[in-house]
Amino acid sequence: MSSTMRAWAVKTPGPIENHPLVLVERDTPVPGPGQMRLRVVACGVCRTDLHLAEGDLTPRRPLVVPGHEIVGVVDELGPASSLFLRGERVGAAWLARTCGACHFCLTGRENLCLKPLFTGWDIDGGYATFVIVHEDFVYRLPEGYDDVAVAPLLCAGIIGYRALRRTELPRGGRLGIYGFGGSAHLTAQIAIAEGARVHVMTRSPEARELALALGASSVGDTSDPPPELLDGAILFAPVGEIVPISLASLDRGGVLAVAGIYLSDIPTLNYERHLFQERTLRSVTANTRQDGRDFLEIAARIAIKSTVHAYPFAEADRALNDLAHERFSGAAVLVDFEG
């Protein structure tokens with residue numbers, strides 16, 4: 001095996017048109033205790049990667065490698081690593097490590113850990129030919145998915161699932177989805193399978209077509225009111241101006257969950273119109289490993305279909321540019337890491 005690898009790193013955060021990612025060559029990393037090295041075969045392109053590249057999220061280390069929807073083959077085991085075998089196909093996601101000792105970790109809320117590490121932000125991620133992961137934070141992947149199809153499940157799917165549960169949507173309830181990209185198109189399938197009526201509001205005509213094909217009850221623009229009041233809503237678009245619009249669409253007792261790690265400023269809310277009658281505005285922060293296991297089990301059981309667009313590893317910057325300008329519906333995935 002070569003002693004070096006290729007990786008895309010964030011050099012100078014800024015507009016994606018200014019090419020903030022650079023292709024670099026680095027020493028192939030060596031796994032430490034409890035760690036594994038994965039040979040990356042696919043990596044999803046998440047909007048969080050775009051926020052990192054453009055500086056909406058400040059990189060936690062110089063020349064950090066993005067990517068946290070990683071499908072890889074176990075290439076090397078570190079000392080005391082025993083949960084997986086060399087050659088196994090596994091998945092790594094956003095949550096890379098937690099302290100395991102703070103109040104949140106000890107009460108089943110490790111997504112709120114006081115000292116977490118995140119893949120592709122605190123530590124190098126999957127926009128690379130090899131990546132180091134901790135075995136306790138790696139997922140066994142469901143059968144029936146190829147490398148490309150399963151990659152978006154590892155963040156877009158998991159975070160969307162947590163956001164759906166944060167709405168506390170009743171069985172057969174009315175769900176609004178604002179923005180319809182990689183995460184939303186997976187989340188909608190769970191809600192529909194569980195009997196919800198799903199109304200999708202997005203500015204993209206292609207995304208509206210996809211939503212209808214997946215079984216949405218209605219589609220419209222982000223500024224359009226849904227055809228009925230909602231029991232719950234999820235905001236996937238990182239646009240704070242949509243918050244009052246979606247809150248105004250909630251029925252009494254409804255919950256709006258904001259699914260993104262970044263959101264532009266929220267306009268002034270009117271208490272009577274947007275929050276009174278026990279309407280709730282709620283954020284979604286990362287996920288627990290149990291969220292990931294639960295979601296992957298559901299994905300396999302109901303056969304969630306991911307709409308994916310493959311980009312060669314060498315064109316990671318183009319994939320992020322296309323994501324920024326909404327040139328595809330569904331999710332993008334990097335492939336051909338050895339090409």
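Calculate, in nm to one decimal, what residue 221 and residue 25 gain on full extension: separation in residues at 0.36 nm each, minus their alpha carbon distance.
66.2 nm
Calculate, in nm to one decimal, what residue 241 and residue 194 gain on full extension: separation in residues at 0.36 nm each, minus their alpha carbon distance.
Between residue 241 and residue 194, full extension yields an extra 14.0 nm.
Distance in nm between label sites at residue 294 and residue 63, each 7 Å beyond Cα in the beta-carbon direction?
Label-label distance for residue 294 and residue 63, simple model: 4.1 nm.
Taking the Cα centre of the stretch 158-283 as the origin, how large is its charge dipole in debye, to the nearest 20, when only Lys and Arg (+1) and Asp and Glu (-1) carry charge on their Cβ atoms?
Dipole size: approximately 340 debye.
Could you calculate the FRET efficiency of residue 206 with residue 318 from 1/(1 + (r/R0)^6), where r is the beta carbon distance between them and R0 is 25 Å, rounded to 0.05?
The calculated FRET efficiency here is 0.85.
Pull up all non-local amide H partners of residue 283: gap of 5 or more, or a different chain, and H-to-H distance under 5 Å with H placed in the peptide plane.
Answer set, sorted by chain and number: 258.
Applying the Karplus parametrisation 6.51 cos²θ - 1.76 cosθ + 1.60 with θ = phi - 60° to the phi angles of the stretch 15-20, what ³J(HN,Hα) value in whole Hz is obtained for each residue in order, glycine and proline being reported as x?
Values, residue by residue: x, 4, 5, 8, 6, x Hz.
So the label point goes 7 Å from the Cα of residue 326 along Cα→C-beta, right? Which residues of the stretch 218-250 then have their backbone N under 18 Å from it?
The answer is 218-226, 234-246, whose backbone nitrogens lie closer than 18 Å to the label point.
Calculate one ³J(HN,Hα) per residue across the stretch 282-288 by plugging θ = phi - 60° into the Karplus curve 6.51 cos²θ - 1.76 cosθ + 1.60, and present them in order as whole Hz with x for glycine and proline.
Calculated HN-Hα couplings, in order: 9, 8, 10, 10, 6, 6, 8 Hz.
Report, in deg cm²/dmol and to the nearest 500, the calculated mean residue ellipticity at 222 nm for the chain, where each DSSP H run with n ≥ 4 adds -39500 (n - 2.57) and the sum is divided by the residue count.
Rounded to the nearest 500, the figure is -6500 deg cm²/dmol.
Angle check, please: helix 156-166 long axis (alpha carbons) against the longest principal axis of the chain (alpha carbons), in degrees 0 to 90, nearest 10.
On a 0 to 90 degree scale, this one is about 40.
Over all distinct Cα pairs, what is the inverse of the mean 1/r for the stretch 221-339, reported as the Kirkwood hydrodynamic radius in Å?
Answer for the stretch 221-339: a Kirkwood hydrodynamic radius of 17.1 Å.
Where in the stretch 93-190 are there trypsin sites (Lys or Arg not before Pro) that are in a DSSP coil and have at most 15 other Cβ atoms within 10 angstrom of their Cβ?
109, 171
Could you calculate the FRET efficiency of residue 273 with residue 114 from 1/(1 + (r/R0)^6), where r is the beta carbon distance between them and R0 is 35 Å, rounded to 0.05?
Plugging the Cβ-Cβ distance into 1/(1 + (r/R0)^6) gives 0.45.
Given Cβ point charges of +1 (Lys, Arg) and -1 (Asp, Glu) and nothing else, what value in debye, to the nearest 20, does the dipole of the chain about its Cα centre take?
700 debye
Counting alpha carbon pairs within less than 8 Å and at least 6 residues apart, what relative contact order, in whole percent, applies to the stretch 230-332?
Value for the stretch 230-332: 22 percent.
Considering the chain as a Gaussian network with a 10 Å cut-off on Cα pairs, which listed residue, 46, 155, 113, attains the greatest mean-square fluctuation?
Highest fluctuation among the options: 113.
I'd like to know which of 263, 178, 229 lies farthest towards the positive end of the charge dipole of the chain, counting +1 on Cβ of Lys and Arg and -1 on Cβ of Asp and Glu.
In the chain, that residue is 229.
Which whole-Hz couplings ³J(HN,Hα) result when phi for each residue of the stretch 190-205 is put into the Karplus expression 6.51 cos²θ - 1.76 cosθ + 1.60, θ = phi - 60°, listed in order with x for Gly and Pro?
5, 4, 5, 4, 8, x, 7, 8, 10, 10, 10, 10, 8, 7, 8, x
Near the amide H of residue 118, under 5 Å away, which other amide H atoms are found, from residues 5 or more places off or on another chain, if H is placed in the peptide plane?
96, 123
Which of 44, 215, 67 ends up with the largest GNM mean-square fluctuation for the chain, with Cα atoms connected below 10 Å?
Comparing 44, 215, 67 in a Gaussian network model of the chain, the most mobile one is 215.
Whole angstrom only: what separates the Cα centroid of the stretch 118-134 from the Cα centroid of the stretch 194-234?
34 Å
Every number in this text was worked out from the coordinates using simple rules, so none of it is lab data. On a predicted model such as this, the values are computed, not experimentally measured, just so you know. Because the Cβ atoms are built from the backbone with ideal geometry, glycine has one as well, and the counts that use them run over all protein chains shown.
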